[in-house]
Amino acid sequence: MGGAVSAGEDNDELIDNLKEAQYIRTELVEQAFRAIDRADYYLEEFKENAYKDLAWKHGNIHLSAPCIYSEVMEALDLQPGLSFLNLGSGTGYLSSMVGLILGPFGVNHGVELHSDVIEYAKQKLDFFIRTSDSFDKFDFCEPSFVTGNCLEISPDCSQYDRVYCGAGVQKEHEEYMKSLLKVGGILVMPLEEKLTKITRIGPSAWETKKILAVSFAPLVQPCHSESGKSRLVQLPPLAVRSLQDLARIAIRGAIKKVIHQEAASRSGSGLKNTPRCKRRRVRRRRMETIVFLDKEVFASRISNPSDDNSCEDLEEERREEEKTLPETKPDPPVNFLRQKVLSLPLPDPLKYYLLYYREK
């Protein structure tokens, strides 16, 4: 699946293309996609394909196409504090983006069939927490992953506000999937070759919406043990945060508020904000579109405003643009939260605790 939008040269350009094609439609979803670089979830030798709108699979590791994840994130209608269950959580890419929206008081659980993929997801999650500035920009709901078949979840598990299944669901498992959902909750899953959104509007009342045609590998059926019994999957318990952890969340929130107030004050007084690294803007260029009509193929060029100019005008415009472009790369973005914490008159161990012991 995929190929619905043009490839990007980096993560930001990929998101620009998804927005232009209306796969990403809300600010919350856009922020989550920009905060986590899709390439970080690829193996090093395959990263050149990370910004293409294509699914990727290597062994048991799998990532859906960006356009699919975009539709899923929009359909889930995520909000802070909700509980989320990801069935077939894979690399943890989707779960991490969801965690940026759920915030520190949400619940973020994943079930994955393959233990090697669970290990891969934990490595990627650890790398994100230790090194990404996005961790400090957002209040993160860290995902927890368990190994098992998502069709064997213990019947006494809690229900969730939002559920996503990343494998094709057979019709006979539809009711089982619905049983995982709270009243008022949303379930998104591939059902009968359609990405489907199901909203539970009452104890036995549902609204169903078909989003788009998709092709997913089907759910793997449970393998019973020698005794004939299935291996029930126990989901992580709903943990209660310690007072110490709550204090850390509150302190970080208070510091972020001060940073925002200082930024607003600088802006209001006419002072320029500290220079930040701006994402590269997408340069408009000619595009070729292939149109299929019955068995004939027609190629036509999509025009843009510059097409009305002569070749000489275009060449002159290109030279002028190259003259104005800076030769040096912009400075990396500043992590103001980290700077603020490190400047506090506190013992170093407490500072590092407030920073979750993260690397610079």
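The values are calculated or read from the model by the stated rules, or taken from the named source; none is laboratory data. This is a predicted model, so every value here is computed, not measured. Cβ: placed from backbone, ideal geometry, glycine included. Neighbour counts: every protein chain shown. The protein model used for the area step is the full one, side chains on, heavy atoms only, and it has no ligands, DNA or RNA in it. Shrake-Rupley method; radii C 1.70, N 1.55, O 1.52, S 1.80 Å.
Summary table
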| read-out | value |
| --- | --- |
| Looking only at segment 10-21, and only at residues there that are touching a Lys or Arg at 6+ places or on another chain (Cβ under 8 Å) and touching a residue at least 40 places away in the same chain (Cβ under 8 Å), the one that is surrounded by the fewest Cβ atoms within 10 Å (Cβ to Cβ) | Asp10 |
| Considering residues of segment 326-340 that are modelled with pLDDT of 55 or more and loosely packed, with under 13 Cβ neighbours inside 10 Å only, the residue farthest from Gly253 (Cα to Cα) | Pro326 |
| Among (1) open to solvent by 30 Å² or more (accessible area, probe 1.4 Å); (2) closer than 27 Å to Pro143 by Cα; (3) in contact with a helix residue (DSSP H, G or I) (Cβ under 9 Å, 6 or more places away or on another chain); (4) free of Cβ contacts under 8 Å to residues at least 60 places away in the same chain, the one test that Ile198 misses | (1) |
| Within segment 41-67, considering residues that are among the hydrophobic types (A, V, I, L, M, F, W, C) and in contact with a His (Cβ under 9 Å, 6 or more places away or on another chain), the one nearest to Leu18 (Cα to Cα) | Ala55 |
| Unique residue being buried (at least 17 other Cβ atoms within 10 Å of the Cβ) and in contact with a Ser or Thr (Cβ under 8 Å, 6 or more places away or on another chain) when the list is Ser70, Ser115, Ser95 | Ser95 |
| Pairs with Cβ under 7 Å, 6+ apart, first in segment 24-35 and in a helix (DSSP H, G or I), second open to solvent by 50 Å² or more (accessible area, probe 1.4 Å) | Glu30/Lys19; Ala35/Lys137 |
| Qualifying residue in segment 75-83 (condition: touching a residue at least 40 places away in the same chain (Cβ under 8 Å), in contact with a Phe, Trp or Tyr (Cβ under 7 Å, 6 or more places away or on another chain) and in a strand (DSSP E or B)) | yes |
| Subset tally (residues that are in contact with a Phe, Trp or Tyr (Cβ under 8 Å, 6 or more places away or on another chain), within 21 Å of Ala167 (Cβ to Cβ) and either aliphatic (A, V, I, L, M) or not in a strand (DSSP E or B) (or both)) for segment 100-124 | 5 |
| Residue list for segment 36-69, restricted to those being free of Cβ contacts under 8 Å to residues at least 12 places away in the same chain and more than 20 Å from Ala217 (Cβ to Cβ) | Glu44, Glu45, Lys47, Glu48 |
